[in-house]
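*Asks:* Attaching a single structure in structure tokens format; questions to follow.
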């Protein structure tokens with residue numbers, strides 16, 4: 001694309017996007033947070049740390065790689081994050097910092113399957129997420145999500161997953177629905193044991209997001225990997241990297257590279273409560289220059305989980 005063409009498309013994007021600038025920020029913010037979900041899927045059988053015999057009585061046996069445990073039928077959870085955002089509006093230039101509170105409450109239902117199907121993964125899930133800014137409260141929004149995840153555990157180290165979900169976005173103040181999204185993904189995830197207290201994971205994912213309005217519809221191609229290290233029996237450190245190529249199907253001129261790094265330290269109080277501190281860096285390089293941005297997040301979170 002020539003310099004003149006770039007300027008032309010930048011002007012077009014600005015003219016069309018001014019009323020939807022907030023929408024662009026809200027959609028990108030949710031997509032940015034979605035990277036953490038890939039971490040959880042990729043590590044399903046990377047269970048660290050090894051616990052002492054005394055702690056096993058409280059936590060249950062946990063080793064780096066083990067046979068597939070008995071899965072609960074119902075899992076409920078709530079996760080609350082308080083984050084500092086260096087570029088809350090995710091803009092190219094004129095960055096404004098802000099505090100962001102993200103509250104997530106969700107559930108998963110994993111129906112019992114016959115013994116012959118023990119390697120099959122099937123989970124029905126639902127989730128509510130609220131995003132609330134301290135200064136930029138005109139951006140506050142929440143999302144209702146429902147979906148299903150299915151897959152196959154090839155062996156103790158390798159899994160193949162596919163998932164489908166439907167998401168509805170609402171403005172927090174007016175309660176107007178401003179965005180809808182249907183997601184479809186397939187991923188391959190591999191665990192790599194290194195030591196009793198150290199494990200790595202790698203994976204790849206392809207995802208299609210079909211949105212309304214359609215200008216955000218895109219294909220996403222991901223490569224990701226990371227390492228988990230158990231400092232002791234209750235502290236786990238983790239680093240995670242993801243490179244994602246985004247091909248916007250309704251806008252043939254827009255192609256983004258989205259790079260993310262996540263560093264976290266988690267303390268497990270017991271089997272149902274944990275707290276963590278983290279840093280999260282995102283770099284978005286778009287073929288439309290005005291949509292480039294960088295953002296650094298840092299903060300803490302607490303999670304509660306119940307299983308039956």
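*Asks:* In the stretch 283-298, what residues are surrounded by fewer than 19 Cβ atoms within 10 Å (Cβ to Cβ), within 16 Å of the chain's Cα centre (by Cα) and either over 17 Å from residue 31 (Cα atoms) or in contact (Cβ under 8 Å) with a residue 40 or more places away in the chain (or both)?
*Replies:* 296, 298
*Asks:* Would you confirm, using the coordinates I've provided, whether residue 166 is at pLDDT 95 or above, exposed (fewer than 14 other Cβ atoms within 10 Å of the Cβ) and part of a strand (DSSP E or B)?
*Replies:* Values: at pLDDT 95 or above: yes; exposed (fewer than 14 other Cβ atoms within 10 Å of the Cβ): yes; part of a strand (DSSP E or B): yes.
Yes.
*Asks:* Further question on the same structure: Looking at residue 107 and the list (1) surrounded by fewer than 18 Cβ atoms within 10 Å (Cβ to Cβ); (2) touching a residue at least 40 places away in the same chain (Cβ under 8 Å); (3) closer than 23 Å to residue 27 by Cα, which single condition is not satisfied?
*Replies:* (2)
*Asks:* Among the numbered criteria (1) touching a helix residue (DSSP H, G or I) at 6+ places or on another chain (Cβ under 8 Å); (2) surrounded by fewer than 16 Cβ atoms within 10 Å (Cβ to Cβ); (3) assigned to a strand (DSSP E or B), which single criterion is violated by residue 173?
*Replies:* (3)
*Asks:* Continuing with this model, one more query. Within the stretch 116-134, identify whether any single residue is modelled with pLDDT of 95 or more, part of a loop (DSSP other than H, G, I, E, B) and more than 18 Å from the chain's Cα centre (by Cα), and answer yes or no.
*Replies:* Yes: one or more hits.
*Asks:* Need pairs with beta-carbon distance below 8 Å; first residue without any contact (Cβ under 8 Å) to a residue 40 or more places away in the chain and within the stretch 157-174, second part of a loop (DSSP other than H, G, I, E, B) and loosely packed, with under 14 Cβ neighbours inside 10 Å; sequence gap 6+ or separate chains.
*Replies:* Qualifying pairs under 8 Å: 160/154; 170/176.
*Asks:* Moving on to the next point. Filter the stretch 222-236 down to residues that are touching a strand residue (DSSP E or B) at 6+ places or on another chain (Cβ under 7 Å) and surrounded by 16 or more Cβ atoms within 10 Å (Cβ to Cβ), then give me how many there are. Don't jump to the end; show me each part of the working.
*Replies:* Taking the stretch 222-236 first, the residues touching a strand residue (DSSP E or B) at 6+ places or on another chain (Cβ under 7 Å) are 222-231, 234-236.
Keeping just the survivors that are surrounded by 16 or more Cβ atoms within 10 Å (Cβ to Cβ) gives 222, 224-230, 234, 236.
Qualifying residue count, the stretch 222-236: 10.
The values are calculated or read from the model by the stated rules, or taken from the named source; none is laboratory data. Predicted model only: the values in this text are computed from it and were never measured. Counting neighbours? That spans all protein chains shown, and the Cβs are built from the backbone with ideal geometry, glycine included.
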